[in-house]
Amino acid sequence: MKILVPVKRVVDYNVTVRVKADGSGVETANVKMSMNPFDEIANEEAIRLKEKGAASEVVAVTIGEAKAQETLRTAMAMGADRALHVETQARTDTELQPLAVAKLLQALVEREQPDLVIMGKQAIDDDSNQTGQMLAALLGWPQATFASKIELVEGGLEVTREVDAGLEKLWVKLPAIVTVDLRLNEPRYASLPNIMKAKKKPIDKLTPEELGVDTAPRLTYVKVEEPPKRQAGVKVADVPALLDKLKSEAGVI
Amino acid sequence: MAEILVVAEHDNAKLDKATLHGVTAAAALGTVTLLVAGEGAAAVAEAAAKVAGVAKVVHVDDAAYAEPVAENLASLVVAMADGYDGFVVGASTFGKNLMPRVAALLDLAQISDIVEVVGPKSFKRYIYAGNALATVETRDAKLALTVRTTAFPAAATEGGSASVETVQAVAPSDLVKFLGREVSASERPELTSARVVVSGGRGMGSGENFVIVEALADQLGAAVGASRAAVDAGYVPNDYQVGQTGKIVAPELYVAVGISGAIQHLAGMKDSKVIVAINKDEEAPIFQVADYGLVGDLFTIVPQLTEALKASKAAS
């Protein structure tokens with residue numbers, strides 16, 4: 001079984017982002033970037049399937065500027081075998097949008113013929129939560145989103161999904177798309193020898209034009225602004241003081 | 001007037017509240033049709049017809065829709081798509097799973113988790129865990145939207161008198177089978193619509209210790225939530241998680257117990273009307289958004305608060 005793992009380079013989750021004064025977007029220059037945390041979990045799951053002997057090859061793919069290669073090196077240092085890089089200058093938080101990403105991935109799936117695509121349920125920059133479902137739709141494949149457990153069964157997968165009411169279990173026939181949630185696994189740290197080894201693993205470069213995909217944005221980001229800030233309130237001394245505030249000042253109890 | 005199709009979320013017995021918030025957002029865009037696809041869900045279709053602001057209900061009764069399988073629902077919506085200018089669903093896990101599949105099949109860009117309708121093609125939504133608010137406009141001919149339920153009031157469940165039309169099911173997919181669900185049983189109010197929420201974080205130290213959060217929640221008639229750290233540590237199930245990638249809540253009162261206040265958690269609760277934080281670390285970022293902060297040991301403070309509420313109830 002061959003597994004494709006799309007990974008995205010995003011502003012690191014520990015960075016407090018700054019909105020640009022001109023309202024055009026979020027400042028990404030000189031900001032720490034890293035692999036989208038959900039994609040790390042997806043990559044980890046693919047590598048574990050390979051280590052168990054269930055998968056033969058794990059191919060990482062990213063779409064983005066030249067520096068996005070760093071994210072592919074991370075994926076390969078974790079254990080992916082090789083990588084594909086679709087290079088674009090478009091900003092991947094606002095200009096390159098989920099439908100275009102899904103179309104690029106569709107073209108790559110048609111080239112690579114994987115049996116399974118495992119990807120993050122959401123990127124923590126645009127918070128769209130769309131690409132996996134869109135890719136499944138374009139390919140006519142089944143989708144198992146928000147996965148917290150993946151089991152290989154005859155002809156398919158049994159996937160436990162995190163939903164608002166608790167958990168759901170689906171069977172999907174392969175080939176399929178799985179998008180992962182936080183509790184699926186805990187991604188490993190790449191060891192130094194593996195980081196060194198990953199430098200020698202191959203990255204194939206492609207362009208949207210070569211894949212025949214129009215990536216022009218359908219959505220215009222008219223304005224990006226600082227959200228209304230909540231003011232810090234007061235510290236109260238003890239429980240009676242808190243109750244008094246909640247009753248007489250806030251009126252919520 | 002634009003024709004908007006809202007896909008109802010339900011369990012074949014009851015309309016989910018997320019749908020009522022979706023109807024409100026859709027009504028700002030045009031005439032609302034509510035699609036109730038289920039099996040033996042006639043009661044849901046009847047209830048849907050009474051929702052204020054709904055002009056028409058389309059009811060499809062078929063085993064293919066007994067469970068919310070995105071593949072089957074997406075095929076149905078696509079088969080009906082010609083008559084509509086927009087497709088709307090609540091941004092619950094049901095809606096997040098379904099709408100992108102519909103959008104891609106119709107070659108539409110989706111706008112996720114909208115918090116405001118600015119114009120017929122223009123919407124506000126948060127990006128970067130709520131740290132930036134974007135105004136986004138689509139160039140597509142039709143809309144595909146998910147709606148943040150806390151940002152729009154629920155449509156009234158009485159007052160409407162929509163017509164009910166039935167349509168044929170579309171052949172179901174044989175690539176997917178629903179196997180079952182595990183629902184966390186609780187007598188407490190539902191997290192996303194509760195008037196009061198009490199959440200515990202890593203500071204709780206264990207799942208057993210959540211009893212003190214639950215005792216406080218019982219006194220306040222509150223739902224119980226948690227930070228990602230508490231869910232990851234296995235203290236409570238996943239459906240308790242409040243935050244960027246969990247549930248978004250905006251209750252009248254949010255009590256954060258032993259929660260440090262990572263931006264990912266704040267993204268899920270900072271629109272609460274009143275926030276109370278109880279934490280032993282006075283530098284914890286949660287205090288920067290809290291209206292009332294109490295620094296100290298939660299294992300002392302929370303039981304005290306529970307007892308004081310009990311006493312004040314007994315006295316009144």
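The values are calculated or read from the model by the stated rules, or taken from the named source; none is laboratory data. Remember, predicted model here, so these are calculated numbers, not experimental data. We place every Cβ from the backbone using ideal geometry, glycine too, and count neighbours over all the protein chains shown. Surface areas here come from the heavy atoms of the whole protein model, side chains and all, with no ligands, DNA or RNA. Shrake-Rupley method; radii C 1.70, N 1.55, O 1.52, S 1.80 Å.
Points to keep in mind about this one:
- When residues in the range A:83-113 are screened for being open to solvent by 20 Å² or more (accessible area, probe 1.4 Å) and within 13 Å of chain B (Cβ to nearest Cβ), 6 of them pass.
- Subset of the range A:232-251 that is open to solvent by 40 Å² or more (accessible area, probe 1.4 Å) and assigned to a helix (DSSP H, G or I) - its residue that is nearest to the other protein chains (Cβ to nearest Cβ): A:Lys245
- The one condition in (1) closer than 23 Å to A:Gly25 by Cα; (2) under 13 Å from the mean Cα position of the chain (by Cα); (3) assigned to a helix (DSSP H, G or I) that A:Asp93 fails to fulfil: (3)
- B:Thr192, sole failed condition from (1) more than 10 Å from chain A (Cβ to nearest Cβ); (2) in contact (Cβ under 8 Å) with a residue 40 or more places away in the chain; (3) touching a helix residue (DSSP H, G or I) at 6+ places or on another chain (Cβ under 9 Å); (4) open to solvent by 10 Å² or more (accessible area, probe 1.4 Å): (1)
- Selection count, the range A:161-192, where residues are more than 7 Å from every other protein chain (Cβ to nearest Cβ) and surrounded by 21 or more Cβ atoms within 10 Å (Cβ to Cβ): 9
- In the range B:50-79, the qualifying residues are those that are under 23 Å from the mean Cα position of the chain (by Cα) and surrounded by fewer than 19 Cβ atoms within 10 Å (Cβ to Cβ), and the one that is farthest from B:Ala154 (Cα to Cα) is B:Ala66.
- Members of the range B:100-150 that are assigned to a helix (DSSP H, G or I) and open to solvent by less than 40 Å² (accessible area, probe 1.4 Å): B:Pro100, B:Arg101, B:Val102, B:Ala103, B:Ala104, B:Thr149
Conditions (1) surrounded by fewer than 23 Cβ atoms within 10 Å (Cβ to Cβ); (2) more than 9 Å from every other protein chain (Cβ to nearest Cβ); (3) farther than 30 Å from A:Arg183 by Cβ, marked per residue:
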{"site": "B:Gly246", "(1), (2), (3)": "no, no, no"}
{"site": "B:Lys270", "(1), (2), (3)": "yes, no, no"}
{"site": "B:Val276", "(1), (2), (3)": "no, no, no"}
{"site": "B:Ser312", "(1), (2), (3)": "yes, no, yes"}
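- Among all residues of the range B:117-136, there is at least one that is closer than 21 Å to B:Ala27 by Cβ, free of Cβ contacts under 8 Å to residues at least 24 places away in the same chain and β-branched (Val, Ile, Thr).
- Some residue of the range A:60-70 being under 16 Å from the mean Cα position of the chain (by Cα), open to solvent by 10 Å² or more (accessible area, probe 1.4 Å) and not polar (S, T, N, Q): yes
- Within the span defined as the range A:114-136, one or more residues are in contact with a strand residue (DSSP E or B) (Cβ under 9 Å, 6 or more places away or on another chain), open to solvent by 20 Å² or more (accessible area, probe 1.4 Å), more than 8 Å from chain B (Cβ to nearest Cβ) and part of a loop (DSSP other than H, G, I, E, B).
- Flag for B:Val197 being open to solvent by less than 40 Å² (accessible area, probe 1.4 Å), within 23 Å of B:Ile259 (Cα to Cα) and not in a helix (DSSP H, G or I): yes
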